[in-house]
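What follows is a single structure, written as structure tokens, with notes after it.
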Amino acid sequence: MENSQHKYVTVAYELFTDNAKGIHELVEKAPKDHPFQFITGMGFTLDAFEEKVGSLAAGDKFDFTLSVEEAYGPYVQEHVVELDKSVFCIDGRFDKEGVYPGAVLPLVNADGNRFQGLVTEVKENTVTVDLNHPFAGKPLHFRGEVVTAREATAEEIQGMLNMMSGEGCGCGCEGCGDDCHHDHHGEGHCNHEHKGDGHCGCGGHCH
């Protein structure tokens, strides 16, 4: 793999989008002392985001908006699934401390793709999970500055490959439906991993 094909880029940014009331608000931020980092040409970021930022030099500022199509696509109602509570049981008991309305659960499907599901409702026998990306159906307005832009080292490229192969999140939006299984160790089909919640950064890309 030729290092010259890949740039190591870090960016400080603010991400804005419209909320349910149509108000343009700040939803995510990466400061200069903790910038978002990625390597170009590896599919780690949204293609449109990389196209806008990847060619910039350190110190360059940016201010652009990605359309819904360029970002995470439209909101798909079919990606809201109802799963049996047994999927979220630990030692035979429902994990009520980790599974509640508003909880973001890290999941992985049969192909090993990692993504997140938002719990919207816990019923008597089932849990409703929204597998749409948190920013699905929304244009994304990025404003910020490139902190670092240089050729990536072999070690950085290998580290990124290791993370993309399973060490980090993949943030896909594929539904798992009735094939979901719960597992403490993140093995099997669309497992519920007990590794904390939250989004990935930079528009939830993970990237």
| task | Would you point out the residue of segment 14-63, among those that are aromatic (Phe, Trp, Tyr), closer than 17 Å to His141 by Cβ and under 17 Å from the mean Cα position of the chain (by Cα), that is least open to solvent (accessible area, probe 1.4 Å)? | result | Phe49
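Is it the case, given these coordinates, that Pro74 is in contact (Cβ under 8 Å) with a residue 12 or more places away in the chain and touching a strand residue (DSSP E or B) at 6+ places or on another chain (Cβ under 8 Å)?
On the way: in contact (Cβ under 8 Å) with a residue 12 or more places away in the chain: yes; touching a strand residue (DSSP E or B) at 6+ places or on another chain (Cβ under 8 Å): no.
No: the conditions fail for Pro74.
Can you pull out the strands (runs of 3 or more DSSP E) entirely within segment 92-207 that have at least 3 residues that are hydrophobic (A, V, I, L, M, F, W, C) and either within 19 Å of the chain's Cα centre (by Cα) or at pLDDT 60 or above (or both)?
Values: elements: 104-108, 114-122, 126-130, 140-151.
It comes to 104-108, 114-122, 140-151.
Tell me the residue from Gly98, Gly73, Gly41 that is within 30 Å of Asn162 (Cβ to Cβ), touching a Lys or Arg at 6+ places or on another chain (Cβ under 9 Å) and not aromatic (Phe, Trp, Tyr), please.
Going through Gly98, Gly73, Gly41 in turn, the sole match is Gly41.
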| said: Looking at (1) part of a helix (DSSP H, G or I); (2) more than 21 Å from Val122 (Cα to Cα), which one does Val87 not meet, given that it meets all the others? | reply: (2)
| request: Would you be able to say whether some residue in segment 64-71 is in a strand (DSSP E or B), touching an Asp or Glu at 6+ places or on another chain (Cβ under 9 Å) and either surrounded by fewer than 14 Cβ atoms within 10 Å (Cβ to Cβ) or not charged (D, E, K, R) (or both)? | output: no
| request: Scan (1) over 28 Å from Asn162 (Cβ atoms); (2) open to solvent by 20 Å² or more (accessible area, probe 1.4 Å); (3) free of Cβ contacts under 8 Å to residues at least 60 places away in the same chain for the single condition Leu118 breaks and write down its number. | output: (1)
| field | Of the criteria (1) hydrophobic (A, V, I, L, M, F, W, C); (2) farther than 21 Å from Phe115 by Cα; (3) outside any loop (DSSP other than H, G, I, E, B), which one Ala58 fails | value | (3)
| remark: For segment 12-27, pairs from a residue that is free of Cβ contacts under 8 Å to residues at least 12 places away in the same chain to a residue that is of a type in the set (Phe, Trp, Tyr) and surrounded by 11 or more Cβ atoms within 10 Å (Cβ to Cβ), with Cβ under 9 Å and 6 or more apart or across chains, are Glu25/Phe16
| said: Need pairs with beta-carbon distance below 6 Å; first residue closer than 19 Å to Ile157 by Cα and within segment 35-59, second part of a helix (DSSP H, G or I) and not β-branched (Val, Ile, Thr); sequence gap 6+ or separate chains. | reply: Ile39/Met160; Thr40/Glu50; Gly41/Gln5; Met42/Met160
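The values are calculated or read from the model by the stated rules, or taken from the named source; none is laboratory data. In this text the structure is predicted, and so the values were computed from the model without any measurement. Virtual Cβ from ideal backbone geometry, glycine too; neighbours counted across all protein chains shown. Heads up: the accessible areas ignore ligands, DNA and RNA and are worked out on the full protein's heavy atoms, side chains in. Shrake-Rupley method; radii C 1.70, N 1.55, O 1.52, S 1.80 Å.
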